[in-house]
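Asker: The structure follows.
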Amino acid sequence: MVIGVARTDFEKLEVYQLAERLADLTWRIALHWDQMAKATLGGQLIRAADSVGANIAEGCGRGSYGDNRRFAKIARGSLYETKHWLRRAYSRDLLDAGQIEQLRSIIDELAPRLNAYIRSIGRAACNPKTDTTDYGPRTTHMSTLVDDPRVIEFDVRTDEMLVNMGPQHPSTHGVLRLVLRTDGEVVSEVTPHLGYLHRCAEKIGENLTPRQWIPYTDRMDYLAGMNMNLGWSLTVEKLLKYEPPEKGRHLRVIIAEMGRIASHLVGMGAYGLDLGSFSPFLYAFREREKILDLFEEVCGARLTYSYLTVGGATADLPRGWLQKCEAFLEQFEPIIAEYHALLTTNSIFIKRTAGIGVMSPEMAINFGTSGPVLRGSGVDHDLRRDGEEIYTAMYDGYAFEVIVEKDGHYPKDHKYPAVPHEAVLGDCWHRFYVRMLEVVQSIDLVRQAIDRYSTAEGGYGEPRKLTEKLPKGEAYLETESPRGQMGFYLVSDGSSIPWRARARSSSFCNLSVTSDLCRGCLIADIPAIVGSLDIVMGEIDR
Amino acid sequence: MAEFLANYLPAWLAYMVAGAIHVGLIINLVAVGALVFIWLERKISGRIQDRLGPTRVGGKFGWLQTLADGLKLLTKEDLVPGGADKMLFRIAPYVSFCASIAAFLAIPFAGGDYPFIVQHVNTGVFFVLAVLGLEVFGVILAGYASASKWSLFGAMREAAQVVSYEVPLGLCAVVPVMLAGSLDLVVIGDVQQGWFTNWLIFHDPATFLIFWVYFTCATASVNRAPFDLAEAESELVAGFHTEYSGLRWSFFFMAEYGSMFSVSLLASILFLGGWNGPLPITEWLGLTAANGDIAWYIGQVLGVINVIGKAVAGVCVMMWIRWTLPRLRIDQVMATCLKYCTPLAAAFFLGAVAWQWSLPGRTFFGLLESPAELQSVSEGWSDATAAATDEDEPEASEDQTVSSEPSRKVAAAKLTGAAALQIASTNLQGGK
C-alpha cells in the first residue's frame with residue numbers, strides 16, 4: 001500500500017475503505033431503530049460516520065499536504081464523534097452484542113490507522129515492492145500502528161524540500177531537469193523531466209531525403225555523430241538492400257570505433273567532473289581533440305560530421321591518414337593508465353561510485369537499458385556481435401570480446417586494473433569501468449580495421465543519389481552506438497522522401513532508471529548515478 | 001611600535017597610529033597573498049592539466065590576471081536576491097573575511113626577543129584556531145540568508161563539516177604545544193632553532209604522522225577539495241555562494257585563500273620549524289642580535305622569507321590535491337574526520353607523550369640531543385617523571401626566559417580569545 005501525497009486514488013487507501021465499512025455498517029444498524037431513535041441518535045450517528053470517509057476523500061483531492069492533513073484531522077474528529085454516538089446507542093440498549101463486536105473491530109483498526117495516515121501525509125511515497133533500498137524508518141506503510149516504536153521518530157522529522165536540479169545545473173549533462181524531493185541530504189524521490197532540447201528532428205525527417213537527414217542525426221548524440229550517421233545509413237541501406245563494398249565496410253569500422261573512443265573519452269572526463277575532479281576532463285579532451293583533428297581531415301567537421309552516409313562515405317580517407325591514425329593509437333594507448341590512476345583506481349573515486357546506484361541485470365533488462373549501462377550490470381549483450389546481419393556483417397572476421405563481467409571476471413585480453421572489492425556488479429563503478437575497457441577494445445578494432453582497409457580492393461562506397469526513390473516498405477535497425485542501442489525506423493511510400501522517420505534513443509531508456517536508482521541516496525550521489533548513465537540530452541529529446 | 005611612537009605622540013594617538021600600520025600591513029599581506037595565490041592556483045592547475053594558464057595580462061606569465069579579474073568583479077552588479085535576508089546577506093562575506101584576517105594578528109613571522117608579530121599573544125595557538133573557526137559563520141550566514149535551496153544545502157554541509165574537523169585539528173595542534181611547553185607561537189617556533197633535525201615534525205614518529213593528520217584537517221577547515229562540500233559545484237551549483245556576485249563573491253575567495261595561508265603558516269610554525277631554515281645559515285653568517293641591529297634585522301627578514309616560503313609550499317600542496325582528487329561525500333568527510341582522524345590524532349598524541357616521557361631531551365626520532373631551547377622543557381619532563389613533585393609548571397619559567405618583556409605584560413592579562421581581540425586593537429606592539 002502506498003501512502004502519500006496529493007493522490008486522487010483515495011479509494012485505494014485502507015483508512016478510506018475502513019471508513020466506508022464503518023459508515024455502511026452504522027447505516028444498516030440504524031435502519032432498524034424506531035422512529036424516535038432514528039430522529040435523534042441515528043441521524044447524528046450516520047452523519048458522523050459518513051463524515052469520516054468524506055473528509056479523507058476530500059483531503060486527498062485538495063492537492064496539498066497542509067489541506068490533506070487538515071481534512072484527515074477533521075476525519076479523526078468525526079471518528080471520535082461516531083464513537084460518542086455509538087456509546088450513547090449502547091447505553092440506550094440500541095445495539096446487540098454482534099453489532100458491538102463488528103463495530104469495535106472496525107473502530108479499533110480505523111483509529112490507529114487514521115493516526116498513522118495523518119502522520120504519513122507529506123512524507124515520500126515509498127513502494128515496498130520496487131524499493132529495495134533500506135533507508136530506515138521512512139519506509140512506512142499503512143500498517144504502522146500508534147504503538148509502533150518507529151512512530152516516535154516521525155515526530156522529530158524535518159520538513160521535506162522540493163529542489164529543481166536543472167535544466168540549468170552544472171552536472172545534469174545539458175538540459176535535463178531532475179525534481180528532487182529531499183529530506184536534508186537524503187533524496188527520497190527523483191523525477192526526470194525532458195523536452196528542453198526537442199527540435200522535431202523526426203518530423204523534419206519526413207520532409208527530407210534520407211541523405212539530407214544525415215546532418216540531423218549528427219545532432220542527436222552530438223558526442224558520437226559518426227555513429228549516428230552510421231545507424232541511419234545502415235537503416236536506409238537495409239531498405240534498399242544495398243551492401244557497401246568491402247573497403248567501405250572497414251572504413252566504417254575505423255570511423256565508428258574512433259567515434260566510440262572519442263565519445264567514451266567525454267563520458268569518462270565528464271564523470272570526473274560530476275565527482276568534483278576537474279583534471280581528468282581536460283586529459284580526456286586533450287586526446288579527444290586529436291581524434292577530432294583526424295575527423296576534421298577526413299570530412300572537414302569536428303562535431304557534426306555527416307561523413308558516413310547512405311551508400312558508404314562522402315569521401316575516401318585522405319592520403320597518409322592511416323599512418324596518422326596509427327600514430328595516434330600508439331601514443332594514446334599508454335595514456336589510458338593515467339586515466340585509471342586518476343579515476344578508476346583512485347580510492348576516493350571508488351568510495352564515491354562503488355556500491356552506489358546498483359542495478360540488477362533483471363532491472364537493466366526490464367528498463368530496456370543498453371550499451372555500457374546494460375553490460376555494467378553483467379548482461380552479455382552487444383549488437384556488434386548479437387545484432388542484425390546487416391550490421392554484424394561490418395564486424396565479420398574481427399576478433400573482439402564483449403566487455404562484460406562473465407563468470408566473475410572481465411575479459412583478460414589486456415592488462416586491466418583489478419576490480420576493487422567494494423564494487424558490486426551493476427553499480428556506478430562497473431558502468432564506468434566497462435566504458436574504459438571498451439576504449440581499449442576499440443583501439444584493437446581500429447588497428448584490425450586499418451590492416452584490412454589497406455589491403456582491401458575496390459571502392460569505399462559512393463554515396464547514393466540524393467533523389468533516389470526508396471522502395472516501398474519499412475525498415476528498422478539498431479546499432480551499437482557508444483551509449484547503447486540506437487535504433488532508426490523508416491517507412492517509405494515509394495517516393496524519395498520517407499513517409500516516416502523515427503529514432504529510438506538508447507539514452508532515453510538508460511535515463512528511465514534514474515528514479516529507481518536514486519531513491520534513498522544522498523544528493524551527492526545524484527550526479528554520480530546520472531553521470532554513470534552517460535546520457536546525451538540531444539539524443540533523448542531529438 | 002606604540003611605545004616608540006609614544007615618545008613623540010600622545011599615548012592614545014600612538015596606539016591608533018601603530019594599530020593602523022599593523023592592520024594595513026596585515027590586510028595587504030592577505031590581499032596580496034590572495035592575489036598571488038589565485039594567480040598561482042590558475043598557473044598550477046593549468047600546468048597540472050596540460051594547459052598554460054593565464055599568459056597575457058601584465059606581460060609575461062599573466063601575473064596581473066587576478067588584478068584584471070578583480071577589476072571585472074568590481075564592475076559587476078551587486079545582486080541581492082528578492083527573498084534574501086538582505087542585511088545578513090550583505091554582512092556574511094565580511095564576517096568570513098574579517099575572521100580570516102584576524103587570525104593573522106597572532107601569527108608571528110619571525111621570532112626571537114623581538115618577534116615580528118602584530119600582537120604577541122602567549123596563547124597564540126588557541127587564538128588562531130579559535131578565530132579561524134569563526135570563518136564558517138560567514139559561510140553559514142551566507143547560505144542561510146540567500147533564500148536559495150542550494151545555498152542552504154551548502155550551509156548545512158558546512159555546519160556538519162565544522163563539527164567534524166575542529167576536534168582532530170585541535171588535537172593535532174596540542175602535540176607541538178606539549179613538546180614546546182607553551183601555547184605561544186613565538187616560543188614554539190624558537191624551540192626549533194638550528195638544523196632541520198630540530199623541527200618538531202622530525203621530533204619523533206608520532207609527530208611526523210600527526211603532521212599529515214593536521215594537514216588533512218587543515219585542508220578540510222579551509223573548504224578545499226576534496227573537502228569543498230559547501231560549494232561542491234557539480235552537486236550544489238555553487239553551494240553557499242550561489243547567489244553572490246561581484247565583489248562580495250570575491251570576498252569569500254579572499255577569505256578562503258587567506259585561511260589557506262594562515263593554516264599553512266600555522267603548520268610551518270607548529271611543525272616545520274617556522275622562521276628557522278633547514279640549516280642554521282643566519283648563525284653561520286652572524287646575522288644575530290649579538291652582531292648589531294642591522295645584522296639582526298637581516299636575519300629576521302630571512303626568517304620571514306623562510307616561514308612564508310614554507311606556507312606557500314603548503315598552499316601549493318593544497319592546490320595540487322585539489323586538482324588531483326575527486327570530492328568526498330558529506331558522510332565520508334565526517335567519517336574521515338571523526339572516525340579516522342580523531343582517533344589517529346589521539347593515538348599519535350599519546351605516542352608523542354610516551355616518546356617524550358621515555359626519551360626526554362632527544363630529538364630527530366630520538367637520534368640526536370635536543371637543542372638548549374628544547375632542553376629546558378625536557379627537564380620539566382624528566383623532573384616530572386623522576387620526582388613527580390608538585391613544583392611550579394616548568395613551562396612558566398621557560399616562558400619567561402624565552403619570551404620578551406612585553407609578552408609577559410600580555411601574559412599577565414590572562415587572555416581569552418575575545419579579550420585578545422580587544423587587546424590586539426588597543427595595545428598594539430611588535431617588532432622593535
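The values are calculated or read from the model by the stated rules, or taken from the named source; none is laboratory data. Note that the structure is a prediction, hence the values are computed from the model and not measured. With ideal geometry, Cβ positions are generated from the backbone for all residues, glycine too; neighbour counts draw on all protein chains shown. Only protein heavy atoms, including side chains, enter the accessible area calculation; ligands, DNA and RNA are left aside. Shrake-Rupley method; radii C 1.70, N 1.55, O 1.52, S 1.80 Å.
Asker: Normalise the Debye intensity by I(0) for chain B, one equal point scatterer per Cα, no solvent, then take log10 at q = 0.14 Å⁻¹ and round to two decimals.
Answerer: -1.37
Asker: Calculate the FRET efficiency for A:Q17 and A:R92 from the Cβ-Cβ distance with a Förster distance of 25 Å, rounded to the nearest 0.05.
Answerer: Step by step, r from the Cβ atoms, then E = 0.25.
Asker: Cα axis of helix B:11-48 to longest principal axis of chain B: angle in degrees, 0 to 90, nearest 10?
Answerer: Its long axis makes an angle of about 60 degrees.
Asker: How much FRET efficiency would the formula 1/(1 + (r/R0)^6) give for A:R62 and A:L162, where r is the Cβ-Cβ distance and R0 is 22 Å, rounded to 0.05?
Answerer: Once the sixth-power term is evaluated, E becomes 0.80.
Asker: Note the angle between two axes, namely the Cα long axis of helix A:279-299 and the longest principal axis of the Cα atoms of chain A, as a number of degrees from 0 to 90, rounded to the nearest 10.
Answerer: Result, in degrees: 50.
Asker: Given a 1.4 Å probe and the protein chains all in place, what does the accessible area of B:F211 round to, in Å² to the nearest 10?
Answerer: 10
Asker: For A:R76, what accessible area in Å² do you get when you roll a 1.4 Å probe over the heavy atoms of the protein chains, rounding to the nearest 10?
Answerer: Near enough 70 Å² of accessible area.
Asker: Right, next: Given the C-alpha centroids of the range A:7-65 and the range A:358-413, what is the distance between them in whole angstrom?
Answerer: 57
Asker: Could you compute how much accessible area chains B and A hide from each other, both sides summed, with a 1.4 Å probe? Nearest 100 Å² is fine.
Answerer: 2600
Asker: Next question. Quick one: what are the phi-derived ³J(HN,Hα) couplings along the range A:300-307, Karplus 6.51/-1.76/1.60 with θ = phi - 60°, whole Hz, x for glycine and proline?
Answerer: Rounded to whole hertz, the list is x, 10, 10, 10, 10, 7, 6, 8.
Asker: Looking only at the range A:66-96, which residues have a backbone nitrogen under 15 Å from a spot 7 Å from the Cα of A:D34 in the C-beta direction?
Answerer: Within reach of a label on A:D34: A:92-95.
Asker: Then there is this: Given N residues in the range A:201-541, what is its alpha carbon radius of gyration divided by 2.2 N^0.38 Å?
Answerer: It is 0.96.
Asker: Can you give the net charge of the other residues whose Cβ lies under 14 Å from the Cβ of B:D69, counting K and R as +1 and D and E as -1?
Answerer: In short, +4.
Asker: While we're here: To the nearest 10 degrees, how steeply does helix B:205-221 sit against the main Cα axis of chain B, on a 0 to 90 scale?
Answerer: 30
Asker: Okay, moving on. So for the range A:453-509, what are the equivalent ellipsoid semi-axes in whole Å, largest first, each being the square root of 5 times an eigenvalue of the Cα gyration tensor?
Answerer: 24, 23, 8
Asker: Testing the spin-label approximation: label points 7 Å from Cα along Cα→Cβ at B:A20 and B:E3. State their distance in nm.
Answerer: In this crude label model, B:A20 to B:E3 measures out at 2.4 nm.
Asker: Quick check: pseudo-label points 7 Å beyond the Cα along Cα→Cβ at A:E401 and A:E297, how many nm apart are they?
Answerer: Label-label distance for A:E401 and A:E297, simple model: 3.2 nm.
Asker: How many percent of Cα pairs in the protein assembly as shown exceed 52 Å?
Answerer: Within the protein assembly as shown, distances greater than 52 Å cover 39 percent of Cα pairs.
Asker: If I model a spin label as a point 7 Å beyond the Cα along the Cα-Cβ vector, how far apart are those points for A:E333 and A:H198 in nm?
Answerer: That separation, rounded to one decimal, is 4.7 nm.
Asker: A follow-up question, please. Would you please give the residues with an amide H less than 5 Å from that of B:A147, counting only those at least 5 places away or on a separate chain, with H modeled from the backbone geometry?
Answerer: B:D85
Asker: Moving on to the next point. Where in the range A:500-539 does the label zone of A:N366 land, with the point 7 angstrom along Cα→C-beta and an amide N cut-off under 12 Å?
Answerer: Residues passing the 12 Å test: A:516-517.
Asker: Could you pull the accessible area for B:D293 with a 1.4 Å probe, rounded to 10 Å²?
Answerer: Approximately 100 Å² of B:D293 is accessible to the 1.4 Å probe.
Asker: Restricting to Cα pairs below 8 Å that are 6+ residues apart, what does the relative contact order work out to for chain A? Please round to a whole percent.
Answerer: 18
Asker: If you don't mind, there's one more thing I want to ask. Rounded to the nearest percent, how much of the accessible area of chain A (1.4 Å probe, protein heavy atoms only) is carbon and sulfur?
Answerer: That share works out to 53 percent.
Asker: Run the numbers for B:R56 and B:D293: contour at 0.36 nm per residue of separation, minus the present Cα-Cα distance, in nm.
Answerer: That works out to 81.0 nm of additional length.
Asker: If you rank A:R500, A:R113 by how much accessible surface each has, with a 1.4 Å probe, what is the order from largest down?
Answerer: Most to least solvent-accessible, the answer reads A:R500, A:R113.
Asker: Given a Förster radius of 25 Å and the C-beta distance between A:T345 and B:K339 as r, what FRET efficiency does 1/(1 + (r/R0)^6) yield to the nearest 0.05?
Answerer: 0.65
Asker: I would also like to ask the following. Anything losing 30 Å² or more of accessible area from the isolated chain to the full protein assembly: pick those residues out of the range B:196-239, probe 1.4 Å, ligands and DNA/RNA ignored.
Answerer: B:E233, B:S234, B:E235, B:V237
Asker: Full-extension gain between B:W212 and B:W12, please, as 0.36 nm times their residue separation minus the C-alpha to C-alpha distance.
Answerer: 67.5 nm
Asker: Sticking with this structure for a sec: For chain B, what does the relative contact order come out to in percent, with C-alpha contacts under 8 Å and a separation of six or more?
Answerer: Reported relative contact order: 24 percent.
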